[in-house]
Amino acid sequence: MDPARRRALVNGAIAAGLTLVVGLAVVAIDGGGGGGGAPQPSASPTPSSHPTIGPAKAVTPDAYLVWIPQGLPKGFAARAAALPQIDRVTSVRQDNVWMNRSADATGTAVDAPAPYAIPIDAAGIEPARFASFLPQPYRKTVAALGPNEGILSETSATLRRLGVGGSLTFAGGTVKVVAVLPDVLVGAQELVVDAPTARAIGVTHARYLIMRAAKGSAPTDDQLRAELLPLLPAGLQYPVIQIRAPGETTYLRSADLVLPQENIKQRFGEWAGRPSVGRPGFLEIDPKWVGANIVTTTVPILGRVTCNRRLIPPLKTAMRQLVSQGQSSAVHDYEGCFVAKFLLNDPSASISHHAWGAAVDINAAENPYGAIPTQSPVLVKAMERQGFIWGGRFIIPDGHHFEYLRPAGKA
């Protein structure tokens, strides 16, 4: 679809008053991804080597979240910080970087996936400014973050089987783990480093802002959006902004409605791979992981599907419910599930959850990316009941896209 057509469709959706939440894309064809009131973090065990920092239960920082599909335009953060109702702003860079090796505090290798590497969802921050948004017990630890040092989220530490003193090695250098913090304090990023280290290991794209209102000011989402939209440069392909007021989302990060990558790994398994040399925007994933986790089977209505084995049960249940209700005609075509690719086939974007076989595309021909969705409400309800999130609710609508969000029946 040409850019002018996409802009017209998005602007039409906004003018129509649709409730559209979410951002970066996730589709086998050309998808879009998400952000909105995020799922609650799942409990995860903590290695005994983790330091005890602050209270036993952390809560999401009391701050506004602002993000824009495809990243923050140059100079946007400074313009936002100048608004009179805003007291403080920090910009966060976020990218997937490829870990070649990890080691524990003794230097013993934990992961060495050669000839592949493991994608790590990493963030680059200004330590002192970022720390000022955190509860007091955590500020000193984050503010002290230095070059070649990193903080893991608790979930990431469990996935990595690492604690303080461990290390992660990338093409751009080795990062030593100096702390492990609750997921909600670091936006469920797998790794947090300072800005110079981020640049060295390949974290380069400014993705979102964290903001605090000036004393006595508490703008609503709509009020803040009205102030921020004029600050966007002309010519943006998607001139939309997602804003979450304090308490409206669990994770302060871009695409805040869909599961963070670390939670996708928890649920569907972690793979090693690499960007495809011959197919930009696509990935090569270790065949051993594919063989152990990706299956081809028959699903009612859809026929033969190739998905992660853990996605098959809720997908089958949703389709069986349509059959039992006499609503099989709600599905007109099925476009795929497991596709090893980046979002929008863009190598600079995050990795699509299709790369874990954790998303499906249905009725794509009549619900193209960016268009006002025409998806059957019956289908949407059946999928959401089984724990999927519908892409028609994304800030840039992706009406044919459904991806795993939570166990069936969980609100």
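The values are calculated or read from the model by the stated rules, or taken from the named source; none is laboratory data. Only a predicted model underlies this, so the values are computations on that prediction, with no experimental measurement involved. Glycine also receives a Cβ, built like all others from the backbone with ideal geometry; neighbour counts cover every protein chain displayed.
Below, the figures for the structure above:
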| item | result |
| --- | --- |
| The stretch 296-313, residues that are assigned to a strand (DSSP E or B) and either of a type outside the set (A, V, I, L, M) or touching a Ser or Thr at 6+ places or on another chain (Cβ under 7 Å) (or both) | Thr296, Thr297, Thr298, Gly303, Arg304, Val305, Thr306, Cys307, Asn308 |
| Pair list, Cβ < 7 Å and 6+ apart or interchain, from the stretch 271-284 residues that are among the aromatic types (Phe, Trp, Tyr) to residues that are assigned to a loop (DSSP other than H, G, I, E, B) | Trp271/Asp286; Phe282/Ser276; Phe282/Ala340 |
| Lone qualifier among Ala105, Ala77 - being assigned to a loop (DSSP other than H, G, I, E, B) and touching a residue at least 60 places away in the same chain (Cβ under 8 Å) | Ala105 |
| Residue match in the stretch 257-271 (condition: under 26 Å from Pro314 (Cα atoms) and modelled with pLDDT under 95) | yes |
| Among residues of the stretch 347-384, those that are outside any loop (DSSP other than H, G, I, E, B), of a type outside the set (Val, Ile, Thr) and touching a helix residue (DSSP H, G or I) at 6+ places or on another chain (Cβ under 7 Å), counted | 6 |
| Qualifying residue in the stretch 203-213 (condition: surrounded by fewer than 23 Cβ atoms within 10 Å (Cβ to Cβ) and over 18 Å from the mean Cα position of the chain (by Cα)) | yes |
| Glu126 being buried (at least 17 other Cβ atoms within 10 Å of the Cβ), within 25 Å of Leu65 (Cβ to Cβ) and among the charged types (D, E, K, R) | no |
| Tabulated pairs, the stretch 388-399, first without any contact (Cβ under 8 Å) to a residue 24 or more places away in the chain, second in a helix (DSSP H, G or I) and not basic (Lys, Arg), C-beta under 9 angstrom, 6+ apart or interchain | Trp390/Leu379; Trp390/Val380; Trp390/Met383; Trp390/Glu384 |
| Count of residues meeting criterion [buried (at least 20 other Cβ atoms within 10 Å of the Cβ) and more than 15 Å from Ala179 (Cα to Cα)] in the stretch 134-158 | 0 |
| Positions within the stretch 359-374 being out of contact with any strand residue (DSSP E or B) (no Cβ under 7 Å at 6 or more places or on another chain) and under 26 Å from Ile294 (Cβ atoms), in sequence order | Asn363, Ala365, Asn367, Tyr369 |
| Some residue of the stretch 330-343 being more than 20 Å from Phe268 (Cβ to Cβ), outside any strand (DSSP E or B), under 22 Å from the mean Cα position of the chain (by Cα) and hydrophobic (A, V, I, L, M, F, W, C) | no |
| From Ile294, Ile301, residue being in contact (Cβ under 8 Å) with a residue 24 or more places away in the chain, on the phi > 0 side of the Ramachandran plot and crowded, with 18+ Cβ neighbours inside 10 Å | Ile301 |
| Meets criteria (surrounded by fewer than 20 Cβ atoms within 10 Å (Cβ to Cβ), over 14 Å from Leu162 (Cβ atoms) and at pLDDT 95 or above) for Arg101 | no |
| Residue match in the stretch 230-242 (condition: over 18 Å from the mean Cα position of the chain (by Cα) and in a helix (DSSP H, G or I)) | yes |
| Residues located in the stretch 120-168, provided they are modelled with pLDDT under 95 and within 19 Å of Glu262 (Cα to Cα) | none |
| Matching helices (runs of 4 or more DSSP H) fully within the stretch 111-216 where at least 2 residues are in contact with a Ser or Thr (Cβ under 6 Å, 6 or more places away or on another chain) and touching a residue at least 12 places away in the same chain (Cβ under 8 Å) | 127-131, 154-160 |
| Qualifying residues in the stretch 346-401 (those that are of a type in the set (S, T, N, Q) and within 16 Å of Tyr238 (Cβ to Cβ)) - the one surrounded by the most Cβ atoms within 10 Å (Cβ to Cβ) | Ser350 |
| Hits in the stretch 257-301 (condition: out of contact with any Phe, Trp or Tyr (no Cβ under 9 Å at 6 or more places or on another chain) and of a type in the set (Asp, Glu)) | Glu262 |
| Any hit, the stretch 204-224, residues being of a type in the set (S, T, N, Q) and under 30 Å from Thr106 (Cβ atoms) | no |
| Qualifying residues in the stretch 253-291 (those that are of a type in the set (D, E, K, R), touching a helix residue (DSSP H, G or I) at 6+ places or on another chain (Cβ under 9 Å) and assigned to a helix (DSSP H, G or I)) - the one surrounded by the most Cβ atoms within 10 Å (Cβ to Cβ) | Glu262 |
